[in-house]
Amino acid sequence: MFPVQDLDNTVKNIKQGDQLAREDFLESCKPFVFRAACKFCKRVLDWGRDDELAIALIAFNEAIDRFREDRGVPFLAFARLVMISRLKDYYRRENRVAAAGLSLQADSQNNLECARSWEAYLEEEAFREREEEIKEYEVLLSGYGVSFEDLVKCSPRHRDTRRSLLLAARELADRNQLFSELKAKKKLPLMELEKLTGLSRKTLERGRKYIIAMALLINSREDYLYLSSYLKLPSPAEKGVPEK
């Protein structure tokens with residue numbers, strides 16, 4: 001997935017009428033649409049065969065026009081909410097809830113866009129998703145011996161230091177072999193990161209918990225849309241990050 005900065009700029013350009021950018025954006029985001037739709041439908045879907053994917057893609061396009069930054073909800077999280085809402089509507093119209101093995105009865109009273117305003121639905125669902133993300137991320141971090149309290153203490157205060165450690169985290173997250181080593185050993189591959197980033201071993205060791213936490217978040221950023229949106233991922237073209 002592209003960096004947050006590029007995502008924000010792309011959505012702004014599209015909303016200003018850049019139709020070519022819209023078409024390119026929709027095409028590039030089809031994998032995201034596919035994963036979100038399959039996860040909701042609890043089965044593997046097929047483009048051109050399953051209506052759910054067409055509905056989800058149309059909903060994603062709708063989300064571009066309806067998105068507002070002042071809501072405080074990241075675009076991809078907002079788009080996912082729109083897609084889920086449209087897919088729920090589709091299943092109800094088709095009376096396929098039972099067949100799909102979905103449980104939507106709670107939504108019928110509280111969360112459906114048709115029963116309450118979209119803003120109320122969005123606020124409620126976004127709050128629920130944020131809470132779930134935080135809990136899941138906390139569990140993930142605990143497997144590496146890192147807690148939220150640790151992050152507060154070890155997060156670099158100096159901008160340049162934070163940027164350097166974040167770039168190291170991205171290197172770790174984007175290189176499959178290194179990230180696999182992190183997952184297997186639950187510790188940083190210090191020697192490799194030292195060579196790739198030019199940072200001293202002392203700096204890497206001092207920022208170990210921060211680098212691990214950010215690498216986990218970057219690698220799984222589609223699972224943590226709210227948390228990763230606050231991270232402001234650096235572009236690969238920035239100085240110090242080699243193009244892949």
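The values are calculated or read from the model by the stated rules, or taken from the named source; none is laboratory data. Worth saying up front: this structure is predicted, and the values here are computed from it rather than measured. Glycine also receives a Cβ, built like all others from the backbone with ideal geometry; neighbour counts cover every protein chain displayed.
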Expected single match for under 19 Å from ASP223 (Cα atoms) and at pLDDT 90 or above among ILE55, ILE64, ILE84 is ILE84
Among (1) farther than 15 Å from LEU217 by Cα; (2) touching a residue at least 24 places away in the same chain (Cβ under 8 Å); (3) out of contact with any Leu (no Cβ under 8 Å at 6 or more places or on another chain), where does ALA184 come up short? (2)
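Residues checked against (1) assigned to a helix (DSSP H, G or I); (2) in contact with a Leu (Cβ under 9 Å, 6 or more places away or on another chain); (3) basic (Lys, Arg):
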site	(1), (2), (3)
GLU149	yes, no, no
VAL152	yes, no, no
PRO156	no, yes, no
THR161	yes, no, no
LEU166	yes, yes, no
ALA169	yes, yes, no
ALA173	yes, yes, no
LEU178	yes, yes, no
Being out of contact with any Asp or Glu (no Cβ under 9 Å at 6 or more places or on another chain) and either crowded, with 17+ Cβ neighbours inside 10 Å or among the small types (Gly, Ala, Ser) (or both) is the filter here, so list the residues in the stretch 178-193 that pass it. PHE179, SER180, LEU182, ALA184
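Every residue, every condition in (1) farther than 16 Å from ILE218 by Cα; (2) buried (at least 16 other Cβ atoms within 10 Å of the Cβ); (3) modelled with pLDDT under 95, yes or no:
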{"residue": "PHE148", "(1), (2), (3)": "yes, no, yes"}
{"residue": "ARG162", "(1), (2), (3)": "no, no, yes"}
{"residue": "LEU167", "(1), (2), (3)": "no, yes, yes"}
{"residue": "ASN176", "(1), (2), (3)": "no, no, yes"}
{"residue": "LYS202", "(1), (2), (3)": "yes, no, yes"}
Going through the stretch 59-92 one residue at a time, which ones are outside any helix (DSSP H, G or I) and either of a type in the set (Asp, Glu) or over 17 Å from the mean Cα position of the chain (by Cα) (or both)? ARG68
